[in-house]
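One structure below.
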Amino acid sequence: DTEVTQTPKHLVMGMTNKKSLKCEQHMGHRAMYWYKQKAKKPPELMFVYSYEKLSINESVPSRFSPECPNSSLLNLHLHALQPEDSALYLCASSQVAGGYGYTFGSGTRLTVV
Amino acid sequence: AQKVTQAQTEISVVEKEDVTLDCVYETRDTTYYLFWYKQPPSGELVFLIRRNSFDEQNEISGRYSWNFQKSTSSFNFTITASQVVDSAVYFCALSEWEAGNQGGKLIFGQGTELSVKP
């Protein structure tokens, strides 16, 4: 299995809702990432997990809460989002050293109304 | 701090033309990795190539070729005989080796939107 699977593919949520994005990989990668991508912009790093521990938080607002329950799963919990948080959320995984290649999921397209 | 610059925001060519996408990077590390990704309208990021900082050999894969020059901090990408299916946004990206097993930060350039017209 050489894929990163993200669910759901599309999500529409209200500003008072709580929702979660899920990401799964079975390549034995011990580093997992969340990226946010706005239209016509490059992906921006949000969080990095290494060996199931949060190693990098790029000053992301607390309304985004990541979780890594085991080495194969990565979640992103969403609460009280704003319309400007609407974007494509990409999950990726890699070997911990990072330089060996990153595998990206197809993303969750989030719309906040 | 690391930085990737793709000066070409949009390129439009006619099918069968050759096209080169430029990428210039900045890093203080001696060990780093460079990547090219393709992002079609569907949104997924498709991996094209990885190069480490110690390997300056150019590479050719079918119609794709890459020219890595450390002296000018450039990692350019050429598509020969372009096709309509090559239309996409192309990102150059840089990852520095992270000591301490923190996981590598992959930093993207702004992307070049390539449009290949029939």
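The values are calculated or read from the model by the stated rules, or taken from the named source; none is laboratory data. What you see is a predicted model, and the numbers here were worked out from it, not measured in a lab. As a convention, Cβ positions derive from the backbone with ideal geometry for all residues, glycine included, and neighbour counts pool all protein chains shown. Calculation scope for accessible area: heavy atoms of the full protein, side chains included, ligands and nucleic acids excluded. Shrake-Rupley method; radii C 1.70, N 1.55, O 1.52, S 1.80 Å.
Look through A:LYS18, A:LYS41, A:LYS53, A:LYS36 and report the one residue that is surrounded by fewer than 16 Cβ atoms within 10 Å (Cβ to Cβ) and under 27 Å from B:ALA88 (Cβ atoms).
Exactly one of A:LYS18, A:LYS41, A:LYS53, A:LYS36 is surrounded by fewer than 16 Cβ atoms within 10 Å (Cβ to Cβ) and under 27 Å from B:ALA88 (Cβ atoms), namely A:LYS41.
Restricting attention to the range B:61-90, and to residues there that are outside any strand (DSSP E or B) and not hydroxyl-bearing (Ser, Thr, Tyr), which single residue is most open to solvent (accessible area, probe 1.4 Å)?
Here the answer is B:VAL85.
Hey, among A:GLU24, A:GLU58, which residue is open to solvent by 70 Å² or more (accessible area, probe 1.4 Å) and within 22 Å of A:LEU81 (Cα to Cα)?
Of A:GLU24, A:GLU58, the one residue that is open to solvent by 70 Å² or more (accessible area, probe 1.4 Å) and within 22 Å of A:LEU81 (Cα to Cα) is A:GLU58.
Please list, ordered by first then second residue, the pairs with beta carbon atoms under 6 Å, 6 or more apart or interchain, first in the range B:48-60 and without any contact (Cβ under 8 Å) to a residue 40 or more places away in the chain, second open to solvent by less than 50 Å² (accessible area, probe 1.4 Å) and not in a strand (DSSP E or B).
Within 6 Å, the pairs are B:ARG50/A:GLY101; B:SER53/B:THR31.
Hey, among the residues in the range B:32-60 that are assigned to a loop (DSSP other than H, G, I, E, B) and open to solvent by 40 Å² or more (accessible area, probe 1.4 Å), which one's nearest to A:GLY107 (Cα to Cα)?
Among residues in the range B:32-60 that are assigned to a loop (DSSP other than H, G, I, E, B) and open to solvent by 40 Å² or more (accessible area, probe 1.4 Å), the one nearest to A:GLY107 (Cα to Cα) is B:GLU44.
What number of residues in the range A:16-44 are in contact with a strand residue (DSSP E or B) (Cβ under 6 Å, 6 or more places away or on another chain) and of a type in the set (A, V, I, L, M)?
So the answer is 3.
Find all pairs meeting these conditions: Cβ atoms under 7 angstrom apart; at least six residues apart or on different chains; first residue within the range B:28-42 and within 11 Å of chain A (Cβ to nearest Cβ) and more than 12 Å from B:ILE107 (Cα to Cα); second residue open to solvent by 20 Å² or more (accessible area, probe 1.4 Å) and assigned to a loop (DSSP other than H, G, I, E, B).
Pairs found: B:ASP29/B:TRP97; B:THR31/B:TRP97.
Of the numbered conditions (1) under 11 Å from the mean Cα position of the chain (by Cα); (2) more than 27 Å from A:ARG30 (Cβ to Cβ); (3) within 14 Å of chain A (Cβ to nearest Cβ), B:GLU10 fails exactly one; give the number of that condition.
(1)
Mind listing whichever residues of the range B:18-31 are open to solvent by 80 Å² or more (accessible area, probe 1.4 Å) and not β-branched (Val, Ile, Thr)?
Scanning the range B:18-31 gives B:ASP18, B:GLU26, B:ARG28.
(1) among the small types (Gly, Ala, Ser); (2) more than 15 Å from B:ILE11 (Cβ to Cβ); (3) away from chain A (no Cβ under 14 Å): which one isn't true of B:SER82, the others all being true?
Unmet condition: (2).
Conditions (1) in contact with a Pro (Cβ under 8 Å, 6 or more places away or on another chain); (2) farther than 15 Å from A:SER20 by Cα; (3) open to solvent by 20 Å² or more (accessible area, probe 1.4 Å), marked per residue:
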residue: A:SER71; (1), (2), (3): no, yes, yes
residue: A:LEU74; (1), (2), (3): yes, no, no
residue: A:LEU78; (1), (2), (3): no, no, no
residue: A:LEU81; (1), (2), (3): no, no, no
residue: A:GLU84; (1), (2), (3): no, yes, yes
residue: A:SER94; (1), (2), (3): no, yes, no
residue: A:TYR102; (1), (2), (3): no, yes, no
residue: A:GLY107; (1), (2), (3): no, no, no
residue: A:THR111; (1), (2), (3): no, no, yes
